[in-house]
Every structure is written in C-alpha cells, then in structure tokens.
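**Student:** Below are the structure tokens for one structure; questions will follow.
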Amino acid sequence: ALPAERALRMAVQVADALVAAHAAGVVHRDLKPSNVMVLPGDRVKVVDFGLAKLTEPTASIDDTLEPLTARGVVIGTVPYMSPEQAAGRPLDARSDLFSLGAILYEMLAGRRPFGGDGGVSTLAAILRDTPAPIAGLGAEVARLLDRCLRKDSAERVQSAAELKAAIDACIAPRADREKP
C-alpha cells in the first residue's frame, strides 16, 4: 500500500490522461498498473493503448476494416475490468473510470479489490462482490472509491473530469490538515 496522499496524487494524473483520451473519443479498455508508468518525481504516464477503441468512428477510418472486437467478446486484463467489460457488454469511458478505481483501491489497500483463484472466479467477483473497506481510509476517499467501483455504470462517476475533480477534492483537505 502507498501513502494515501501519494496514491491520490498519482491517480489524479491518470484521471487527467483519461480526460484527454476520452475527449479524443478514445476508451483505453486495458487500464491496469503495468500500463501506468511512474516516472521520476512521481510523474505518471498512461501507456499501451493497444486495446483502445474509438467511441465515435471517424471518416479517416476505412469502413471495410473488421472491428477489433465483437459484441460479447471479453478483452482486457481481468482484475481491472469493469462489470460491463467482464460481461462482454458495450463499453464507454466509464469503464476506464472503474479500472482507475480498481487501481486506486490497490494502491491504497495493497491488494486488489476483487479476488479470485483464477480468471473466471475474479470475473464473478467483479460482477457480484463489493470490495472490502480499507482500514484507516478517510470517509471522502472511501466514498470516491465506492463511486468508481459501482457495478452499474449509470451510478458510477460519469466522466474523467468529474473523477479528477473528486480526487483533487480529496487531496486538498489532506494538504490543509498537514499544514502547521
């Protein structure tokens, strides 16, 4: 587990990267710790958009190309998949927000939010279980994680910009408490 302040400062940078990606019409679809590079000074870079998908087709894409995935096909890294991704349902940007919530949970708890003995049991946990509360976590951060990890995407944080603002709001009170 990382100190909460450090984890939140890194998560806000990931949210900022998602703001840019989503504004460009790109859903990452495989956001996980190994796709979040931590550079010197705790600067963060989101990488590997290999499974990314455009949310709005553009005129520059050849309409004769086969899509990367078909409805009902599950791709990505299981422990960080959103419930809709795990179920093979259509995705939008809120799927990436769930994945960021899973990463933030792991940074704060030192363990993944959804466990299982293998891929299928982990998928079942994502679809069914609520993550265990993290001891010693402030109420505002706990609420943020809950909003990120909701099963129904309509109940989840709705945009990367909203998530970034919520993380910033969690950081600001912590910084104020630490001032002499």
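**Student:** Given the residues T130, T69, T122, which is the only one that is under 27 Å from M37 (Cα atoms), modelled with pLDDT of 90 or more, polar (S, T, N, Q) and over 14 Å from the mean Cα position of the chain (by Cα)?
**Tutor:** From the options T130, T69, T122, the qualifying one is T122.
**Student:** If you don't mind, another one. Within the stretch 1-13, can you find the residues that are open to solvent by 30 Å² or more (accessible area, probe 1.4 Å) and either free of Cβ contacts under 8 Å to residues at least 60 places away in the same chain or not in a loop (DSSP other than H, G, I, E, B) (or both)?
**Tutor:** P3, E5, R6, R9, Q13
**Student:** Looking at the stretch 19-33, which of its residues are more than 14 Å from G101 (Cα to Cα) and open to solvent by 20 Å² or more (accessible area, probe 1.4 Å)?
**Tutor:** Across the stretch 19-33, the qualifying residues are V19, A20, H22, A23, A24, V26.
**Student:** I'd like to verify a number: residues in the stretch 132-174 that are of a type outside the set (A, V, I, L, M), surrounded by fewer than 20 Cβ atoms within 10 Å (Cβ to Cβ) and not in a helix (DSSP H, G or I), how many?
**Tutor:** 8
**Student:** Another question, then. Would you pick out the residues in the stretch 90-124 that are surrounded by fewer than 20 Cβ atoms within 10 Å (Cβ to Cβ) and in a loop (DSSP other than H, G, I, E, B)?
**Tutor:** Within the stretch 90-124, P90, D92, G110, R111, R112, G115, G116, D117, G118 qualify.
**Student:** Can you say whether D16 is on the phi > 0 side of the Ramachandran plot and either surrounded by 11 or more Cβ atoms within 10 Å (Cβ to Cβ) or modelled with pLDDT under 95 (or both), as far as the supplied structure shows?
**Tutor:** For D16, the condition - on the phi > 0 side of the Ramachandran plot and either surrounded by 11 or more Cβ atoms within 10 Å (Cβ to Cβ) or modelled with pLDDT under 95 (or both) - is not met.
**Student:** From the list S121, S99, S82, S95, which one is polar (S, T, N, Q) and more than 23 Å from D48 (Cβ to Cβ)?
**Tutor:** Within the list S121, S99, S82, S95, the selection yields S121.
The values are calculated or read from the model by the stated rules, or taken from the named source; none is laboratory data. Computed from a predicted model, the values in this text were never measured in an experiment. Cβ coordinates were reconstructed from backbone atoms using ideal geometry, including for glycine residues, and neighbour counts include every protein chain displayed. The protein model used for the area step is the full one, side chains on, heavy atoms only, and it has no ligands, DNA or RNA in it. Shrake-Rupley method; radii C 1.70, N 1.55, O 1.52, S 1.80 Å.
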